[in-house]
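A short write-up of the structure that comes next.
Any read-out appearing in this document is the output of simple, stated calculations on the displayed coordinates, not a laboratory observation. All of these numbers come straight from a predicted model, not from anything done at the bench. All Cβ positions, even for glycine, are placed from backbone atoms using ideal geometry, and neighbour counts span all protein chains on display.
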């Protein structure tokens, strides 16, 4: 499961705007807002792009079962 709280924390810590991150990963601002609030789950491709842009591993953005 996607850890949207962790992503939001990383965005704040790095001082990146959601709009900027959305553009870099190729999703709309609305979709990025949904991801940050935990209303949607990203595809593996988008998750990988988010992790890359935030400088973390994909594993850091997902919960282990």
What the Cα atoms of the chain span along the principal axes, largest first and in whole Å, is 31, 21, 19
Site residue 63, offset 7 angstrom along Cα→Cβ, radius 20 Å on amide nitrogen, limited to segment 1-30, gives 1-11
